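The values are calculated or read from the model by the stated rules, or taken from the named source; none is laboratory data. Source: prediction; values computed, not measured. All Cβ positions, even for glycine, are placed from backbone atoms using ideal geometry, and neighbour counts span all protein chains on display. Quick note on the areas: whole protein, heavy atoms, side chains included, nothing else; ligands and nucleic acids left out. Shrake-Rupley method; radii C 1.70, N 1.55, O 1.52, S 1.80 Å.
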Amino acid sequence: MLKKITAILMMISMILVTSCASGPQLMDFIDNSGGPQTLGGITLYFTANFGPEDPSNTSDLTPFLGYTQNTTFYDAAIERVAQVEKDLDVNIEQSPEGRELNDIVYLLASGDGKLDAVIGVGVDYIGGLMPSLYKAFTPMSSVSQYIDIQDSAKWGDPKRLEMFAWDGEIYGVIPNYWPELQFSSSDFIVIPNVDYIESIGETDPRDFFENGVWTLEKMEELIPLYAQYSDVKEEIIYGLSANERHLYEMLVQYYGADWAQKNANGKWEMGSLSEGGRLAAEKLHDYMTGELSDLILFDKVGAQTYRWGQKQVAMSLLHTICLTEPYALIPQVGFEYAVLPFPSQDGKSIFGQFERNVEAIMITSFSMYSEESAKVLNAIYEPFADYNDETSLIERYNSTLFFDERDTEIMLKLSESVRLLPSNSIGELNIKITEELGKFDAAEVLSRYSSLLQNILETELIPVKETMEKIFPGYND
């Protein structure tokens, strides 16, 4: 691995952001309390992308630990790994074992895999690997000397670690110090096409949130104002686009419900079967069949981003990674975009959800080097020297990702205000629920799925909440 990284480093002409003169030395971050400083030249295998096989091939867009070529953080990540290999006397190799989590788990269980840690593999939530496949991974409590899950600044706050919670343990973390990667677990945002909206003489929609009037009623008022209807389908400009399921899930939050919540008697209940859940289902049914139905485009995410780029939709409810992931379409089309949270009842609150994290970090239980892997990961995922505080990151995002400082502020606050949506259980069921809400009334649909929802609550959600309460006392208060 070191030879490959050396070759990549030779291709970098810019001054790296983690140069020795710009901040503390890497060795300052390496916890030396649990054994020898170096690891004796062992080789660790990670399911991470470590850039192109041929560093001179600029058309190969393979990222390096989440960052793409010719970017500041790509170069910084390369230098960081090279430095860790040198300082700890360890070789880090890309595992050949594939990228799909379930495939990896089954391979490890068969005894054929060669893998110490999973990095950058999409994880929905560990409970989805039931009944016992989660045991393919090492509880973070076993390596807490190097990875401290109570250090939320580095490894993610408890709300985002909930996806790794099962059977009294936390089985993974996220690289919260590394810029931009934290956005991969924050959804959903409303992305207005500011160029289009201003071209029809309307106000910058950021103003509504800034003035504390960004409510559902305000968004409903804007949809017909922004839309331009035509008998020719290809010429319609929709006021809003959304995936039915995503819109429904945000509406559940809007009306104050959580997927698993305690009622007035202190007993757990399924939020989608509560009063808030009922209101959310009724609202989505209205959007899909009522007065606004011809002005809202319900479609898949890819189709929405394409329509947004063609100025065929004024606002889209989308994943944050539709703006931040490498080669995302919307930033490439050249129109000014804004970032708004989903509307709130008070017009000024920010909330969101996440259903998976594509930058998850987990150590396998089949590894002979679980503690060594934790030590290496702890050293790798320290902050980059020039971007080790919020001020420097805000300046970076303002100049590279967003058009307005208000966009940056919303994105950062959203990443701190999310909750888990277990997409491989509730999410799958919500797809069916929202499909039927376009045809039948809310009470009928919820009644049809009530027993399935209650079963998910009892077998999956409550065990997760109980694990979180054990590890983070007061979590469910």
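Quick notes on this structure:
- Restricting attention to segment 347-368, the residues that are part of a loop (DSSP other than H, G, I, E, B) and either over 20 Å from the mean Cα position of the chain (by Cα) or aromatic (F, W, Y) (or both) add up to 7.
- Within segment 257-291, the residues that satisfy the criterion of being in contact (Cβ under 8 Å) with a residue 60 or more places away in the chain, more than 13 Å from A443 (Cβ to Cβ) and open to solvent by 30 Å² or more (accessible area, probe 1.4 Å) are D258, K262, W268, E269, K283, M288, T289.
- Across segment 319-346, the number of residues qualifying as outside any loop (DSSP other than H, G, I, E, B) and modelled with pLDDT of 95 or more comes to 3.
- F384 passes every criterion in (1) open to solvent by less than 20 Å² (accessible area, probe 1.4 Å); (2) over 19 Å from S184 (Cα atoms); (3) at pLDDT below 95; (4) not hydroxyl-bearing (S, T, Y) apart from (2).
- Candidate set from segment 221-249 (those that are among the hydrophobic types (A, V, I, L, M, F, W, C) and without any contact (Cβ under 8 Å) to a residue 24 or more places away in the chain); member that is nearest to D286 (Cα to Cα): L225
- Looking only at residues of segment 163-202 that are in a helix (DSSP H, G or I) and within 16 Å of the chain's Cα centre (by Cα), we find that the one that is farthest from Q228 (Cα to Cα) is F164.
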